[in-house]
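Accompanying notes for the structure given below.
The values are calculated or read from the model by the stated rules, or taken from the named source; none is laboratory data. Since this is a predicted model, take the numbers as computed values, not measurements. Neighbour counts run over all protein chains shown; Cβ positions are idealised from the backbone, glycine included. To get the accessible areas, we keep the full protein, side chains included, count just its heavy atoms, and leave off ligands, DNA and RNA. Shrake-Rupley method; radii C 1.70, N 1.55, O 1.52, S 1.80 Å.
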Amino acid sequence: MNAEVLPWAARTKGLVGSIIDSSTSLLQRQTHDIVSFAMGSPAAEAVPSEDFSEIYSSVLANNGAGVFAYGATEGETALRDELLAYLETTPERTSAERLLITSGGMQGLDLAGKLFVDPGDLVIVEAPTYTNGSATLLAYGADIVEAPIDDDGLIVETLPELVQKAGRRPKAIYVIPNFQNPTGTAMSLKRRLLLLALAREWRSIIIDDDPYGMLRFDGRHIPGFRELGGGDPLVFSVRTFSKILAPGLRVGWVDADPAIVEKLIDAKQTMDTCTNVPNQLLSAEFLRRGGLEPHLDRLRREYQKRMRAMQTSLENHFSGVATWTHPQGGFFLWLTFGDNVDTSKLFDVAVQNGVAFIPGRAFSVTGQFGNALRLCFASQTPERTELGISRLAEALKAL
Ligand SMILES: Cc1ncc(COP(=O)(O)O)c(C=O)c1O
């Protein structure tokens, strides 16, 4: 059937999908060995799957059929209570009326778009930025303006000029302040404070997307927007268990002003009624047993080791050929070649050679960064990382 004759909604023009997510299925179809630095997945061995299966059994035994009933839209009480208690021990302490449990971080981003972005609204994003985040905003018709970043994160100082050029205030500013996806850089305190001041001047929502903040393995904590904002309704914080527990759980949360949370509940009810109940109860029990903090400690140590291994492999194979970032936490680093290298072309050769990454263009709505690529250092052991980076160097030679 010719799809053009279908009565599409105008908004389908903004549905661009995600090259990152599509690469998962492409890589799953390959039958040869591939060292994948592509997906932002926790290391398979970093997921506490034995604890999970034991906890699932006890959750089933203790809750009976209730495990499979519809849950409250705002989230299961057990998880909300445990999460609040855990956050109390961190700089992100919050309160029950500010909390909504979501189906992963992606739903938090989608809800932000649903509540705050009308077609044609100006939204500022980092360049490069997380593809699914910008794709979500595009799906709501955002008019996206990209602002540059450097080693201190979003160059907030450039925003007034961009806004002046656009001739209207931004409705929202989408930022990933810690160990940004895809570059791994963190926004400096000075810039966070400046961004908050500008958002207040423009009455813009700061979509504060921070899945990696708890995974700092080097350097000192930088206060986040949640802390700096002191409960300012303009700060909309999106969080997830995907990177610190497991992405397949699809459990995350939003921390926002109570008036916003009321609207979020209405909006979530038209999406999925409630977040997966068994996985909420699993996460709650994991937290109740005090498992999260020791688990995070292990992850931080392991990811620090893996990041350093990747730095060493890059020095061995790419010194003088490329430059790269030096993250103090999270999952990713960003590799930049000279202008003569096209990483979208390199991708095909690399996959044949047994290594995968995400090409830089995927992280820009205007197709910038054709000579850069994102590497996830978290999913591979140091030995596999060395193998993968050496295959990447061979692929570059072959190209
Ligand atoms: C910056 C950022 N935001 C949101 C998400 C989505 O998180 P989730 O898998 O919980 O939907 C990711 C996952 O890669 C991410 O890197």
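Listed values, structure above:
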item: Tabulated pairs, region 151-170, first open to solvent by less than 60 Å² (accessible area, probe 1.4 Å), second among the basic types (Lys, Arg) and in a loop (DSSP other than H, G, I, E, B), C-beta under 7 angstrom, 6+ apart or interchain; result: Val163/Arg169
item: Of residues in region 211-242 being in a loop (DSSP other than H, G, I, E, B) and surrounded by 24 or more Cβ atoms within 10 Å (Cβ to Cβ), the one nearest to the ligand (Cβ to nearest atom); result: Pro211
item: Candidate set from region 248-276 (those that are among the basic types (Lys, Arg) and farther than 22 Å from Leu87 by Cα); member that is most open to solvent (accessible area, probe 1.4 Å); result: Lys263
item: Residue pairs meeting the criteria (Cβ under 7 Å; at least 6 apart or on separate chains; first over 11 Å from Glu386 (Cα atoms) and in the same structural domain as Leu333 (by TED's automatic domain parsing), in region 311-323; second outside any strand (DSSP E or B) and not charged (D, E, K, R)); result: Phe318/Ala393
item: Qualifying position, being more than 20 Å from Leu296 (Cα to Cα), in contact (Cβ under 8 Å) with a residue 24 or more places away in the chain and of a type in the set (D, E, K, R), among Glu74, Glu92, Glu82; result: Glu74
item: Set Asp348, Asp297: member being among the charged types (D, E, K, R) and more than 26 Å from Pro247 (Cα to Cα); result: Asp348
item: Of all residues in region 118-136 being more than 12 Å from the ligand (Cβ to nearest atom) and in contact with a strand residue (DSSP E or B) (Cβ under 6 Å, 6 or more places away or on another chain), the one that is most open to solvent (accessible area, probe 1.4 Å); result: Gly120
item: Residue check for Thr185: within 23 Å of Ala38 (Cα to Cα), modelled with pLDDT of 95 or more and open to solvent by less than 60 Å² (accessible area, probe 1.4 Å); result: yes
item: Enumerated helices (runs of 4 or more DSSP H) restricted to region 1-112, each holding at least 2 residues that are among the hydrophobic types (A, V, I, L, M, F, W, C), surrounded by 11 or more Cβ atoms within 10 Å (Cβ to Cβ) and assigned by TED's automatic domain parsing to the domain that holds Ile260; result: 77-88
